[in-house]
1. Considering the stretch 71-82 alone, what residues qualify as being under 26 Å from PRO177 (Cβ atoms) and open to solvent by less than 60 Å² (accessible area, probe 1.4 Å)?
2. Being part of a loop (DSSP other than H, G, I, E, B) and either more than 28 Å from ASP178 (Cα to Cα) or free of Cβ contacts under 8 Å to residues at least 40 places away in the same chain (or both) is the filter here; which residues of the stretch 95-113 pass it?
3. If a residue has to be at negative phi, open to solvent by 30 Å² or more (accessible area, probe 1.4 Å) and not aliphatic (A, V, I, L, M) to count, how many in the stretch 228-244 make the cut?
4. Based on what the data block shows, is VAL184 at pLDDT below 95 and either on the phi > 0 side of the Ramachandran plot or open to solvent by 50 Å² or more (accessible area, probe 1.4 Å) (or both)?
5. Can you name the residue in the stretch 53-70 that is under 30 Å from SER152 (Cβ atoms) and either touching a Lys or Arg at 6+ places or on another chain (Cβ under 6 Å) or touching a residue at least 60 places away in the same chain (Cβ under 8 Å) (or both) and is also most open to solvent (accessible area, probe 1.4 Å) among such residues?
6. Name, by its number, the condition in (1) within 12 Å of ALA69 (Cβ to Cβ); (2) without any contact (Cβ under 8 Å) to a residue 60 or more places away in the chain; (3) over 20 Å from the mean Cα position of the chain (by Cα) that does not hold for ASP13.
7. So, in the stretch 196-227, of the ones that are at pLDDT 95 or above and open to solvent by 20 Å² or more (accessible area, probe 1.4 Å), which residue ends up nearest to PHE16 (Cα to Cα)?
Amino acid sequence: PDFSITPTIRFDDVHFTYPGNKSETLNGVSFVIKPGTRVAIVGGSGNGKSTLVSLLLRHYDPTSGAIYAGDVNLRNIRPEIWTQVISALTQEYVVLSRTVGDEIASSRLGEPVDIEAVNTACRFAHFDAVVDEHSDGLGAQIGTEFGGRKFSRGQEQRLALARVRYRGTPVIILDEPDSHLDSVSAQKVADAVFALTGVTVIIITHHISRAERCDRVIVMGKGRVVEEGTHEELMALNGVYTNLVVKDREREEGHTSPSDLI
């Protein structure tokens, strides 16, 4: 299909069971993500959020039901086409030992490196300051085993985010994009994400403050969509989402550990 226009993404009664499992991970999930919107998917661990990401990336197909990009079932889209539309920062990202610039540009292997786009991606991920710390800049070697530099977990996460942004797909999935970042870096990254225009952003997060800034929030519970709407609409329900907001605020004030949100 022609994806010159960012497609609407639609889950239609999606069920999914992992191979070898007897119980369903997703049970009748339906929702719509409009082009160019920012959508947060929230809920406790084990409720199917990361499975939604796996299905969107075509790591798996639904056991039943369907996911559509526009009017086309994802099953009918060649992977090499779909990967030009969607990219993701997952929690299992890997940073390889090559130069910083080459690693960021590796999200478009086989194409000439666009240094201007690499620098733009670095600024987006608040990674430019890290690059500037080294005299070799983007030419700095990653990995001490090759005589290069070692990055902290937070710096690696920002590098991986820059790599995703460099890819330049019209749909981006960010699965806990600030899980290893300090509060200052996390806020700068969040501001950059919400400043994007013309890009569909799907954020998987425990930090409800990120959800407050989204156009729509999908609340997952036991493999189903239990609530859906804007932040204001969901707060008015005084239900699952409201409880998540209260717990998140308590955690940020230092009264609750992140595990209490699970």
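The values are calculated or read from the model by the stated rules, or taken from the named source; none is laboratory data. All values reported here derive from a predicted model rather than from experimental measurement. Glycine also receives a Cβ, built like all others from the backbone with ideal geometry; neighbour counts cover every protein chain displayed. Note: areas computed on protein heavy atoms with side chains; ligands, DNA, RNA excluded. Shrake-Rupley method; radii C 1.70, N 1.55, O 1.52, S 1.80 Å.
1. Going residue by residue through the stretch 71-82, those that are under 26 Å from PRO177 (Cβ atoms) are 74, 77, 79-82.
Residues satisfying the conditions are LEU74, ILE77, ILE81, TRP82.
2. Filtering the stretch 95-113 for residues part of a loop (DSSP other than H, G, I, E, B) gives 95-98, 109-113.
LEU109, GLY110, GLU111, PRO112, VAL113 - these are the residues of the stretch 95-113 that are part of a loop (DSSP other than H, G, I, E, B) and either more than 28 Å from ASP178 (Cα to Cα) or free of Cβ contacts under 8 Å to residues at least 40 places away in the same chain (or both).
3. As a first pass, look at the stretch 228-244 and keep what is at negative phi: 228, 230-237, 239-244.
From the residues that got through so far, the ones that are open to solvent by 30 Å² or more (accessible area, probe 1.4 Å) too are 228, 230, 232-233, 235-237, 240, 243.
From what's left, not aliphatic (A, V, I, L, M): 228, 230, 232-233, 243.
Selection size over the stretch 228-244: 5.
4. Details: at pLDDT below 95: yes; either on the phi > 0 side of the Ramachandran plot or open to solvent by 50 Å² or more (accessible area, probe 1.4 Å) (or both): yes.
Considered against the rule, which asks whether it is at pLDDT below 95 and either on the phi > 0 side of the Ramachandran plot or open to solvent by 50 Å² or more (accessible area, probe 1.4 Å) (or both), VAL184 comes out as yes.
5. So the first thing to find is which residues in the stretch 53-70 are under 30 Å from SER152 (Cβ atoms), and the list is 53-54, 56-57, 59.
Still in the running and either touching a Lys or Arg at 6+ places or on another chain (Cβ under 6 Å) or touching a residue at least 60 places away in the same chain (Cβ under 8 Å) (or both): 53, 56-57.
On the way: VAL53: 10, LEU56: 6, LEU57: 39 Å².
Restricting to residues being under 30 Å from SER152 (Cβ atoms) and either touching a Lys or Arg at 6+ places or on another chain (Cβ under 6 Å) or touching a residue at least 60 places away in the same chain (Cβ under 8 Å) (or both), the top hit is LEU57.
6. (1)
7. Checking each candidate, the answer is ARG224.
Matching residues to (1) in contact with a Lys or Arg (Cβ under 9 Å, 6 or more places away or on another chain); (2) over 27 Å from ILE115 (Cβ atoms); (3) not aromatic (Phe, Trp, Tyr):
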| site | (1), (2), (3) |
| --- | --- |
| HIS134 | yes, no, yes |
| GLY137 | no, no, yes |
| ILE142 | yes, no, yes |
| ARG149 | no, no, yes |
| GLN157 | no, no, yes |
| TYR166 | yes, no, no |
| THR197 | no, no, yes |
| GLU212 | no, yes, yes |
| ARG216 | yes, yes, yes |
